[in-house]
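Only the coordinates and a few stated rules stand behind these numbers; no lab work does. Every value quoted in this text rests on a predicted model; they were computed, and no experiment measured them. Positions of Cβ are generated from backbone atoms using ideal geometry, with glycine treated the same way; all protein chains shown enter the neighbour counts.
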């Protein structure tokens, strides 16, 4: 259980920090997705955090622990919802998340979101295939538990398959 918690923390950290590195400047080095939009949005008492990375950037251990296929031709979407507390802290909340992805040619990509929990942490992840260089547009709809109206965001990322 403790090892799985650390794997989940490592996965979340990787997803947040991806895009902070230079990526792709050395010969043979994988080019990283370019960050073109923010990775979170505020909605009153809630924050919605989201990111997408090539799944081969995950460690083999983290990918195995969460049933994620590591590949230069696959992208992992990660979404989480946080409630803002009066003291300034945030706490993870459960709810319902759905997402779609399409490229700039309008081709809809197959994307199924599933819920992952570890202790109090709740994440929603999904995988989508890419070919060559693609810009993916993600449309996310998230409804925190106890709320009736969904929050929606759209963001895009550029990916380079090997």
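Once you reduce region 88-107 and region 137-155 to the center of their Cα atoms, the two points are 6 Å from each other.
Would you kindly state how much longer the chain becomes between residue 84 and residue 131 on full extension, computed as 0.36 nm times their sequence separation minus their alpha carbon distance, in nm to one decimal?
Contour length minus the Cα-Cα distance gives 13.1 nm.
Here the simple spin-label model places points 7 Å from the Cα toward Cβ, and for residue 45 and residue 104 these points are separated by 4.1 nm.
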